[in-house]
Every structure is written in structure tokens, then in C-alpha cells.
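Okay, so here's the structure we're looking at.
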Amino acid sequence: MSGLRARAGAVVAAVSAAVLLLAGCTQASIEVPEPAAPDVGIQLFQLPWTSVAKECETTLAPAGIAWVLLSPAQEHIAADEWWASYQPVSYQLESRLGTRDEFADMVQRCNAAGVEVIADAVINHMTGQDEPGAGYAGTAYAHYDYPGLYTESDFHRCGLTANDDIQLYKNREQVQNCELVNLADLDTASPTVRATIGAYLEDLLSLGVSGFRIDAAKHIPATDVEAIVSQLPQGTRIMSEVIRGAGEPIAPEEYEGFGEVFEFTYARELTPPLENGVFSDPVLSDDRPQQVPSEAAIVFVDNHDTERGEANVTARDPQLYIIANALMLADDYGTPVLYSGYAFSDRDSGAPTDADGRVLDASCADTTGPVSDLADGERTCVQSWPAIRGMLEFRAMAGDAPRMPGVDSGDAYGFEREGRGVVAVNVGDDIQSIEVPTTMPDGAYCDVITGGPDAAGDGGCAGSEYSVSGGIAVFDLDPGAAAAIHLGSRR
Ligand code: ARE
């Protein structure tokens with residue numbers, strides 16, 4: 001926490017200095033509010049612990065990112081595919097992403113930099129292989145071998161009765177259809193299994209992590225997840241992965257009582273207008289009938305599953321990706337988590353490894369990108385993109401200011417965070433002008449997506465400049481452009 005406060009303080013100092021520099025300019029100086037504490041997270045997919053530590057220090061903390069979501073840390077099957085990480089064989093912290101010591105050092109360094117760590121906890125299942133064998137990375141099979149491993153709860157999800165359960169329980173062939181992609185389901189109703197999972201989560205907490213993504217939470221009854229996490233210290237952050245599915249009986253709302261949930265509907269509603277140019281409030285505003293309340297929602301443009309599946313907008317189209325992320329970061333719904341992965345042409349391909357199967361270190365430059373023609377395995381490094389950095393600043397400046405109704409003009413769309421900032425995007429093929437009502441003071445503002453105020457501090461803009469006059473912000477946007485101005489980016 002102290003790191004977060006220190007960082008917010010540094011931003012205030014920088015902004016005040018900028019305001020002082022305005023003396024002598026033609027624009028009257030304005031009072032710039034204190035930026036809000038960072039709340040945005042980032043998923044660093046399949047990044048080794050040594051590299052995560054470095055990113056916390058060199059890119060995440062400077063960008064004002066509050067927390068990092070890791071890939072699973074558990075010992076897992078030996079396989080080249082990235083999803084080997086989701087087939088644990090033990091609760092030891094030894095994986096292709098690093099050793100226990102490297103994990104502990106990473107958490108300590110991230111925390112020291114003011115970045116909290118959220119571990120990806122795979123507690124629904126162990127590996128899918130029937131017998132321990134040569135395919136395993138390690139030798140600890142104790143949990144896989146538990147009697148009562150196969151949960152009855154998943155049978156109920158398949159519409160089976162208790163009697164069916166008893167029969168099916170004995171027949172591995174038949175139960176497989178009720179398990180998540182043939183993975184050996186843990187009996188999370190069992191006190192022994194709960195205690196073992198609890199001990200694993202406590203172990204991670206003892207190393208300094210702040211909370212957990214509960215992988216495949218939808219496949220664990222909410223009461224079981226609650227029973228496990230309620231034993232953890234107060235303040236442990238819990239983010240359940242419960243993919244909302246049309247017509248499915250298990251919904252994220254069941255998991256809201258004891259933490260946050262990933263709200264998959266957000267991206268599903270955010271991205272179609274970006275492709276067809278038809279924006280309609282309130283789809284992008286506060287009134288979101290298909291979504292959990294804002295305080296329970298973790299929102300994202302894509303993640304490691306959806307960039308290989310349902311996501312229409314990913315880093316493969318950087319321009320549209322910036323637009324989507326800009327709208328998400330500018331908005332007041334949910335807690336955003338950015339996604340930073342690697343380029344691939346085969347959905348199964350793991351991140352590049354050394355001869356021993358350990359994922360290679362990778363680091364992102366200070367501020368650069370996006371690079372649109374990445375080779376397979378190269379990292380997208382969204383945390384380094386100046387556009388993303390600018391939007392994180394915008395979000396800090398917007399604070400808790402209300403999100404005003406959106407306006408559209410042709411293929412352009414924009415909205416204000418009342419009195420604090422305005423964002424506008426153009427998803428069409430032509431230059432588009434859009435006027436967004438605002439209560440921001442008249443003046444010339446630097447667009448923070450194309451670089452914000454000049455680094456030289458001479459009152460100029462590194463990129464585009466837009467003006468506010470008489471309660472209207474006017475943007476002339478190139479095809480595929482996004483723009484954002486805020487009180488701290490006034491010239
Ligand atoms: C792999 C192979 C399988 C094989 C299995 C066992 O791909 O063919 O049967 O191993 O040998 C990841 C990969 C999987 C991989 C698995 C284990 O994505 O391909 O299987 O690791 O190595 C549902 C769940 C949701 C889950 C998604 C993938 O509800 O929880 O499926 N997401 C998490 C992680 C994944 C991970 C797992 C869970 C498993 O984020 O990365 O799988 O730990 C609708 C439904 C959703 C459903 C979704 C996709 O939207 O509403 O419930 O999500 O479709 O099917």
C-alpha cells in the first residue's frame with residue numbers, strides 16, 4: 001500500500017510541476033485534482049517469475065498498474081503446450097515458470113515496487129492423465145491419488161441423480177463427460193481436500209501474494225469455494241473465473257458473495273460496436289443488465305483463453321485493441337485487467353523455452369509499441385505501449401467522477417468522465433469529427449494516447465492536440481484513432 005501511495009504522490013508532484021510551468025502561458029491555470037490510487041491489473045501470461053519481478057520494477061509500477069495476475073505456479077505435467085500449466089500434479093511451487101525461491105523473490109520485489117501479486121490457483125482438478133507416469137514433471141501424486149477424488153457435484157451439473165452418482169463414481173469412463181475437459185476433478189466437498197487446498201493457498205499467502213484467481217471456479221460449487229476461501233485471512237482477494245454461458249445453470253452471481261468475478265459479458269458487449277460502428281448507450285454505460293455489479297466485476301478485453309477463442313479484438317489488431325482498452329480504462333464499470341501475452345500461430349504453442357523446458361526470460365522496453373508484426377513467441381508488452389500508459393493516467397485523473405452518457409457521430413463514439421476527462425474513438429474508414437459535451441475548462445489539451453504533454457515540458461504536445469470550448473470537446477479523428485484528454489494533459 002505504501003508503494004501505491006508513494007506512486008500517487010509522485011504523480012501529483014509531477015502534475016503540480018506541470019501546472020507551475022504553465023505560468024506565463026496564455027491559458028489560465030487550473031486546479032488539477034490528485035490522481036486516484038491505481039486499481040488496474042495486468043495478466044502476464046506464461047512469464048517466468050524472474051521476468052515478472054523485473055516487469056514489476058521497470059514497467060508495471062511506473063505505468064501505475066496495481067496488481068499482476070500470474071500463470072499457475074504449481075508443479076505440472078511435462079508438455080510443450082502452454083496449457084500444461086493447468087494440469088497440476090502437486091502443490092509444489094516448481095514449474096516451467098520458475099522455482100519456489102524465484103517465486104518468493106518475485107513476490108517480494110513486486111510488493112516492494114507497489115505491485116500486488118494475484119496467483120492463478122488451479123484447485124478444481126489435477127492432471128487429466130489416468131496413471132502417474134513418465135509424462136509427469138515431478139513425483140508428488142498424493143493429491144491425485146486421494147480416494148474420493150472425483151466429485152459428485154459435477155455429476156449433478158450433468159443432470160444425474162444421487163443414485164447415478166454412486167454408479168458413475170465407480171466408472172471412470174462414464175464420469176469423464178461430466179468433468180472439465182477430462183481433468184481429474186477434486187472432491188472439494190471433502191474436508192481433507194479442502195484442507196489441502198487451503199494449505200496451498202496459505203503457503204502462497206505466506207510468500208506475500210495478495211489473492212487468487214480461482215481457475216475453473218464454475219466447476220466447483222460456490223459453497224465449496226466459499227468454505228475454502230473463508231478460512232483465509234481477511235482481505236485476501238478472490239477472483240473467481242466463472243464464464244457466463246447462455247442458458248447455463250451456474251452464473252457468476254453465485255460467486256459474488258465472497259469476492260470478485262471475471263465478467264465475460266463485458267468484452268462480449270464492448271467489441272461488436274468496434275467492428276460494426278454502431279454504438280448504443282447504455283451498452284457501454286452504467287446500466288448493464290447482463291453483468292454483475294461494478295464492484296464485483298473484473299473486466300478485460302481478452303485473456304489467454306479468449307484470445308485463442310471467442311475474442312474478436314486482440315493484440316493481433318493493435319489499432320482496434322487500443323480502442324477497446326481505451327474505452328475499458330476510461331469507463332467506470334468494474335476493475336480492468338490488461339492482458340499481456342505472446343504472438344502465436346498455433347493456439348497450443350507454449351512460450352519459448354530452453355532445452356530443459358523452462359520458459360525463457362523476456363522483458364519489455366520502457367515505453368514503446370505496439371509492434372504489429374510480432375514473430376511467434378514474441379511478447380506483446382502492452383504495459384509498454386504509450387497509448388496504454390496514457391489511458392492509465394487518464395483513469396487515475398478520472399477517479400470516481402461519473403461516467404456521462406456517450407455520444408456518437410458516424411463511426412465515432414466518445415464520452416466524458418464528468419469534469420475530468422474525455423475519450424473518443426473512430427472505428428470507421430474515414431476521418432470523423434465528433435463533439436463531446438464536457439464540463440472541463442476551455443483550453444488546449446494534449447491527447448494522452450499519442451504521447452500527452454511533451455517530455456521537454458515546454459507546454460507542447462508530443463502527439464495530437466484537441467480543444468475544449470464552451471462545454472464541447474472537439475475531436476477530428478483519423479480512421480482507427482483513439483484520443484483522450486484529461487485535466488492533467490491541458491497545455
Ligand atoms: C487440454 C486439452 C484438452 C484435454 C485436456 C486434458 O486442450 O483437449 O482434454 O487438456 O488432457 C486449459 C486449456 C485446455 C486444456 C486445459 C488443461 O484451455 O485446452 O485442456 O488447460 O491443460 C470452460 C471452463 C473454464 C476454462 C475453459 C477453458 O468453464 O473454466 O473451459 N478456463 C480455465 C483456464 C483454461 C484452462 C482451464 C480452465 C483448465 O482459463 O486455460 O484450460 O484448468 C463456454 C462455457 C465455459 C467454457 C467455455 C470454453 O463459454 O460457458 O464454461 O469454459 O465455453 O469451453
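The values are calculated or read from the model by the stated rules, or taken from the named source; none is laboratory data. Just so it is clear, the model here is predicted, and its values are computed rather than measured. Note: ideal-geometry Cβ built from the backbone for every residue, glycine included; neighbour counts use all protein chains shown. Areas reflect the complete protein model, heavy atoms only, side chains present, ligands, DNA and RNA absent. Shrake-Rupley method; radii C 1.70, N 1.55, O 1.52, S 1.80 Å.
I'd like the full set of residues that are assigned to a strand (DSSP E or B) and open to solvent by less than 50 Å² (accessible area, probe 1.4 Å), limited to the range 434-457. Please lay out each step first, then the result.
Of the residues in the range 434-457, the ones assigned to a strand (DSSP E or B) are 434-437, 443-446, 453.
Within the range 434-457, Ile434, Val436, Gly443, Ala444, Tyr445, Cys446 qualify.
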- Message: Just checking, does the range 324-337 include any residue being within 17 Å of the chain's Cα centre (by Cα), closer than 24 Å to Glu263 by Cα, within 16 Å of the ligand (Cβ to nearest atom) and open to solvent by less than 50 Å² (accessible area, probe 1.4 Å)?
- Response: yes
- Item | Test set (1) within 16 Å of the ligand (Cβ to nearest atom); (2) closer than 20 Å to Leu207 by Cα - Ser51 fails condition number | (1)
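Do any helices (runs of 4 or more DSSP H) entirely within the range 202-283 hold 2 or more residues that are in contact with a helix residue (DSSP H, G or I) (Cβ under 6 Å, 6 or more places away or on another chain), and if so, which?
On the way: elements: 222-229, 264-270, 272-276.
Ranges flagged: 222-229.
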- Message: Testing Gly64 on (1) buried (at least 21 other Cβ atoms within 10 Å of the Cβ); (2) within 13 Å of the ligand (Cβ to nearest atom), one condition comes back false. Which one is that?
- Response: (2)
- Item | Some residue of the range 91-107 being crowded, with 24+ Cβ neighbours inside 10 Å, more than 15 Å from Ser363 (Cα to Cα) and within 16 Å of the ligand (Cβ to nearest atom) | yes
- Query: Residues of the range 251-298 being open to solvent by 20 Å² or more (accessible area, probe 1.4 Å), more than 23 Å from Thr236 (Cβ to Cβ) and within 18 Å of the chain's Cα centre (by Cα), which ones?
  - Reply: Arg268, Glu269
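Just wondering, is there one or more residues in the range 13-26 that are over 21 Å from His304 (Cβ atoms), among the aliphatic types (A, V, I, L, M) and either modelled with pLDDT of 95 or more or part of a loop (DSSP other than H, G, I, E, B) (or both)? Working first, answer last.
So the first thing to find is which residues in the range 13-26 are over 21 Å from His304 (Cβ atoms), and the list is 13-26.
Add one more test, that the residue is among the aliphatic types (A, V, I, L, M), and what stays is 13-15, 17-23.
Okay, now just the ones that are also either modelled with pLDDT of 95 or more or part of a loop (DSSP other than H, G, I, E, B) (or both), so 22-23.
Within the range 13-26, one or more residues are over 21 Å from His304 (Cβ atoms), among the aliphatic types (A, V, I, L, M) and either modelled with pLDDT of 95 or more or part of a loop (DSSP other than H, G, I, E, B) (or both).
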- Note on the structure: Residue pairs within 8 Å by beta carbon, gap of at least six or interchain, first lying in the range 85-109 and on the phi > 0 side of the Ramachandran plot, second open to solvent by less than 30 Å² (accessible area, probe 1.4 Å) and away from the ligand (no atom under 15 Å from the Cβ), listed first then second, are Gly98/Pro48; Gly98/Trp49; Gly98/Met106
- Item | Within the range 231-249, considering residues that are at pLDDT below 95, open to solvent by 30 Å² or more (accessible area, probe 1.4 Å) and not acidic (Asp, Glu), the one nearest to the ligand (Cβ to nearest atom) | Ile243
- Query: Considering only residues of the range 341-385 that are in a loop (DSSP other than H, G, I, E, B), under 20 Å from the mean Cα position of the chain (by Cα) and within 16 Å of the ligand (Cβ to nearest atom), which is surrounded by the fewest Cβ atoms within 10 Å (Cβ to Cβ)?
  - Reply: Arg347
- Kindly indicate the residue of the range 284-316 that is among the hydrophobic types (A, V, I, L, M, F, W, C) and in a loop (DSSP other than H, G, I, E, B) and also modelled with the lowest pLDDT among those meeting that condition. Leu284
- In this structure, is Val261 among the aliphatic types (A, V, I, L, M), more than 24 Å from Ala412 (Cβ to Cβ) and in contact with a Ser or Thr (Cβ under 9 Å, 6 or more places away or on another chain)? yes
- For the subset of the range 299-315 comprising residues that are away from the ligand (no atom under 13 Å from the Cβ) and in contact (Cβ under 8 Å) with a residue 24 or more places away in the chain, which member is surrounded by the fewest Cβ atoms within 10 Å (Cβ to Cβ)? Asn312
- Identify the residue in the range 29-44 that is of a type in the set (Gly, Ala, Ser) and touching a helix residue (DSSP H, G or I) at 6+ places or on another chain (Cβ under 8 Å) and, among all such residues, is least open to solvent (accessible area, probe 1.4 Å). Ala36
- Item | Qualifying position, being on the phi > 0 side of the Ramachandran plot, in contact (Cβ under 8 Å) with a residue 12 or more places away in the chain and in contact with a Gly (Cβ under 7 Å, 6 or more places away or on another chain), among Gly463, Gly451, Gly471 | Gly451
- Can you name every residue in the range 458-487 that is open to solvent by less than 20 Å² (accessible area, probe 1.4 Å) and not in a strand (DSSP E or B)? Gly460, Gly480, Leu487
- Query: Only one residue in Ala73, Ala79 is assigned to a loop (DSSP other than H, G, I, E, B), over 14 Å from Asp215 (Cβ atoms) and within 16 Å of the ligand (Cβ to nearest atom). Which one?
  - Reply: Ala79
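Conditions tested, residue by residue: (1) at pLDDT 95 or above; (2) charged (D, E, K, R).
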| residue | (1), (2) |
| --- | --- |
| Ser51 | yes, no |
| Cys56 | yes, no |
| Ala63 | yes, no |
| Pro72 | yes, no |
| His76 | no, no |
| Ala79 | no, no |
| Ser85 | yes, no |
| Gly98 | yes, no |
| Asp101 | yes, yes |
- Scan (1) assigned to a loop (DSSP other than H, G, I, E, B); (2) of a type in the set (Ser, Thr, Tyr); (3) open to solvent by 30 Å² or more (accessible area, probe 1.4 Å) for the single condition Thr188 breaks and write down its number. (3)
- Among the numbered conditions (1) within 12 Å of the ligand (Cβ to nearest atom); (2) under 17 Å from Val299 (Cα atoms); (3) open to solvent by 30 Å² or more (accessible area, probe 1.4 Å), tell me where Ile214 comes up short. (3)
- Item | Flag if Ala401 is under 30 Å from Pro35 (Cα atoms), in a loop (DSSP other than H, G, I, E, B) and over 19 Å from the mean Cα position of the chain (by Cα) | yes
